[in-house]
Amino acid sequence: MTFIVGLTGGIGSGKSTVAELFVRRGAALVDTDAIARQLTGPRGAAMPEIGAAFGPGIAGADGGLDRAAMRRIVFSDPAARARLEAILHPPIRRESMVRCAAADTAPYVLLAVPLLVETGGPDGFRGRVDRVLVVDCDEKSQIARVVARDGLTPDTVRAILAAQATRARRRAAADDLINNGGGVENLAAQVDILHRHYLALAAAKKAADDDPSAVDSRRLRG
């Protein structure tokens, strides 16, 4: 079976930059955000159910999800957010597992899941990955990055952060941690170390799969 590293972190923490560095070193990437965009784009498979749940006002002129409109709904109503997640999360999980299995020529797969820690139940992602890698940085940096990248107001970003797992909870859930408080060179050095570690763990898992008497790499949490 494919060795899967679950990559997560709060909004603006630098997950995409870290993912790109791992891909450059040979890891495969499965991005649940990309899957969600396909499901909610024009003629997306999830749009009929989302429209039935929230009304036609959540669709843009192209028929895809109006993300700004949906953001206003879900961040003011936790029940609405739960309804949206109930629609989107099952197909995202199914498709992501299909893509992970299909990436069997890569040494391991990086599965990017922004809400990996938040969706920790029996049907969540945490039980489907071999390691949890958290990209961590301070909240001030997160806010500044998202404001510059997406044009959101600082208050909107703070509302998004408040709806996500706390920094402490995310760090506590991590098997591995990348500190994104410095520059790209600092990130690259951390990625190099973890890449070598994941290659070794992936090889151990393959050996365990080939020989059932071998130690399961899921127990190698050092």
* Structure fact -> antiparallel share of DSSP beta bridges within the chain, to nearest 5, in %, is 5 percent
* Distances over 29 Å make up what percent of all Cα-Cα pairs in the chain? -> 29 percent
* **Distant alpha-carbon pairs in the range 67-123 (separation over 13 angstrom), percent** => 69 percent
* Structure fact -> For the range 137-144, Karplus-derived ³J(HN,Hα) couplings (6.51, -1.76, 1.60; θ = phi - 60°; whole Hz; x for glycine and proline) come out as 7, 6, 5, 4, 5, 4, 4, 4
* Structure fact -> Across Leu152, Leu199, Leu21, the residue with the highest GNM fluctuation in the chain (Cα network, 10 Å cutoff) is Leu152
* Asked: In degrees between 0 and 90, to the nearest 10, how far off the longest principal axis of the chain does helix 184-210 point, with axes built from Cα atoms?
  -> 60 degrees
* Rank-order 110-118, 135-143 by packing density, defined as the average count of other C-beta atoms within 10 Å over each peptide's residues, highest first. => 110-118, 135-143
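A short reminder: the numbers here are calculations on the coordinates, not readings from a lab. Computed from a prediction, not measured in an experiment: that's the story for all the values here. As a convention, Cβ positions derive from the backbone with ideal geometry for all residues, glycine included, and neighbour counts pool all protein chains shown.
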